[in-house]
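First up is the structure itself, then whatever we jot down about it.
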Amino acid sequence: MDKEFKLRVVGIEKKWVNKGRISIHLETMQKMGLKTGDIVKITGKKSTSAIVLPTAKINENLIQMDEITRKNSGTEIGDAVRIEKIEVEPAKKVILAPIEKEVRILCGSNALNNYLLNHTIKKDDIVSIKAAARVKNKTSSFSYDELFLIVANTIPSNIVQITKTTEFEIVTK
């Protein structure tokens, strides 16, 4: 059993977009000793992590990833990535910042936890949530929309997994 595999990036099914999941062929999972729900480190130009799901819809040498996971790993469709199984600690605290300047977010820890529960993240990763937000100087009303946040820090550091008890803080960049 190999500890690390090299796979070529393709897009993922729409139902898994922004869910913190990747899909690889079931036989590749078996060769790596992976089970559904295991966590892998994905390394391209940068590194990130995701939860593994099996698929039989792609070739054994491919990995399905959404746009955020590709961005977090510094890859594009067609690039090669290395994946390896990892163990992670539960996140005690996650500090997030809006990517867009002048955005005020109305979203508490419970709502953030609902969107990000079980996601694996590290500092400088991008995450997506749906929340009420207002862009300063553009409107006085709030809109409910998809927002992209950057992980400013995590406690503990390194790759962590969001749990029901993870505390969140939103700061400005």
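Just so it is clear, none of the values below were taken in a lab; they were calculated from the coordinates. This structure is a prediction, so every number in the text was calculated from the model and none was measured. Reconstructed Cβ throughout: ideal geometry from the backbone, glycine too, with neighbour counts over all protein chains shown.
Listed by chain and number, the lysines whose C-alpha is less than 16 Å from the C-alpha of Lys101, apart from same-chain residues fewer than 8 away, are Lys136, Lys138, Lys173.
The stretch 42-80: which GluC sites (Glu not before Pro) are DSSP loop and have at most 15 other beta-carbon atoms within 10 angstrom? Write out the running numbers ahead of the final one.
Details: sites: Glu60, Glu67, Glu76; in loops: Glu60, Glu76.
Answer in residue order: Glu60, Glu76.
Here Rg and Dmax of the Cα atoms in Å was calculated from the structure, and among [x] 16.6, 58; [y] 24.3, 84; [z] 19.5, 70 it sits at label [x].
Express as a percent, rounded to the nearest 5, the fraction of DSSP beta bridges in the stretch 1-56 (both residues included) that run antiparallel.
Once the DSSP bridges in the stretch 1-56 are tallied, antiparallel ones form about 50 percent.
Note on the chain: antiparallel DSSP beta bridges, both residues inside, total approximately 75 percent of the bridges counted. Here the sum of -39500 (n - 2.57) over DSSP H runs of 4 or more residues, divided by the residues of the chain, equals -3500 deg cm²/dmol at 222 nm, to the nearest 500. Remark: the Ala97-Lys14 segment gains 27.3 nm on full extension, using 0.36 nm per residue and subtracting the alpha carbon distance.
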